[in-house]
Structures are given as structure tokens and as C-alpha cells.
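Take this structure first; my questions come after.
The values are calculated or read from the model by the stated rules, or taken from the named source; none is laboratory data. Keep in mind that what you see is a predicted model, and the values were worked out from it rather than measured. Please note: Cβ atoms are built from the backbone with ideal geometry, for glycine as well, and neighbour counts cover all protein chains shown. With ligands, DNA and RNA removed, areas are computed over all heavy atoms of the protein, side chains included. Shrake-Rupley method; radii C 1.70, N 1.55, O 1.52, S 1.80 Å.
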Amino acid sequence: MRAVFSRVGTAAVTVDGAVVGEIGRGLLALVGVGREDDAERARTLARKVHELRVFPTEDGARSVGDLGLPVLVVSQFTLYADTRRGRRPSWADAAPGEAAEPLVEEVVAELRRRGSEVATGVFGARMLVSSVNEGPMTLLLEV
């Protein structure tokens, strides 16, 4: 699994003109699922997002778990695009929707089991994602 996550001041997802997920200060996690991924990888990804110390504090860096900050999870199959050849990305490495959706849901469920407040987008929908990146701090996480 792959995630691109950003430390944000605010982030929101809009579908058909309605805000479906929104957070204040926290993490925006764009999550992609590959063909070989499984529930264990989803839980590992969630743990890493929850525990990575990317928020500076006076006594060192802290995680969303340490600080009780929310996470906005948005499915993003395009993280598995292969752009090495030609002018059109290949999506061959991305898991099909019926396999990917439960794994994105498992990421959300594991974050919640760990105590995170989680907002989400709508799987498969055409979404508008807005965010104010703090830092800027954006990282690629692959498990």
C-alpha cells in the first residue's frame, strides 16, 4: 500500500457540492492500494500514519496519536500509476475497486481502533480535495 500524507492546518473533501469529510489541524492521507496488498498491510499503513512523529513540539516531534489530531483519509488509486512509458499512465498495478475499497476501509478502521478521529472521502467518487499544507510537510509512505 502507498500513502502520500501531508501535515495540514485544514483539509476537506467535497462530492457533488457537499463537504463529506473535513478536519482542522492533522494529517491528510491519500491512500492507494496495489494488487498484492492485504488487510495486514492496511493495518501497518494505519499504524505508521498514526505513529509517525511529524508535528514539531517544544519537546520534540509528536504524532497524530500523541496529540489526538484527526486524519482525513482519501482513496487515491492514481498513486499506483506507472508513467515510465509513453504519454498515458498505466493503472495495471492498482488493485481493482472491489479489492481496494475494503482495504481503504481497513485503514480507516485501524486508525479508529488506535483512537484517531477519522474523516473520509467517498470511495470511487469524483472528489474535490482541498488542504492547507503546514510546513510544507508531505511524505510518501509505502508498506
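Calculate the dipole size of the range 57-106 relative to its Cα centre from +1 charges on Lys and Arg beta carbons and -1 charges on Asp and Glu beta carbons; express the result in debye to the nearest 20. Don't skip to the answer; put the middle values down first.
On the way: 5 positive and 9 negative charges, 119 e Å.
That gives a dipole near 580 debye.
What percent does the relative contact order of the chain come to when contacts are Cα pairs within less than 8 Å and at least six residues apart?
On the way: 316 pairs, mean separation 56.2, N = 143.
Relative contact order, the chain: 39 percent.
If you count only protein heavy atoms with a 1.4 Å probe, what accessible area per residue comes out for the range 26-101, rounded to a whole Å²?
Per-residue value: 56 Å².
Another question, then. Longest span of the chain, sites excluded, free of trypsin sites (Lys or Arg not before Pro) in DSSP loop with at most 12 other C-beta atoms within 10 Å? Please report the intermediate quantities before stating the final value.
On the way: sites that count: R35, R84, R85, R87, R126.
Counting at most 12 other Cβ atoms within 10 Å as exposed, the longest clean stretch of the chain is 36-83.
Sticking with this one: In the set (i) 33; (ii) 20; (iii) 28, which value of percent of Cα pairs over 24 Å apart was calculated from the structure you see?
(iii)
Now for a different question. Where does helix 97-113 land angle-wise versus the long Cα axis of the chain, in degrees 0 to 90, nearest 10?
10
Something else about it: If you line up the long axis of helix 39-51 against the longest principal axis of the chain, both from Cα atoms, how many degrees apart are they, to the nearest 10?
30
Determine the share of the range 24-143's accessible area contributed by carbon and sulfur atoms, expressed in whole percent, with a 1.4 angstrom probe.
On the way: 3330 of 7040 Å².
Exposed carbon and sulfur together represent 47 percent of the surface.
Looking only at chymotrypsin sites (Phe, Trp or Tyr not before Pro) in DSSP loops with at most 16 other Cβ atoms within 10 Å, what is the longest site-free stretch of the chain? Walk me through the numbers on the way to the answer.
Values: sites that count: W91, F123.
The segment 1-90 is the longest one with no such site.
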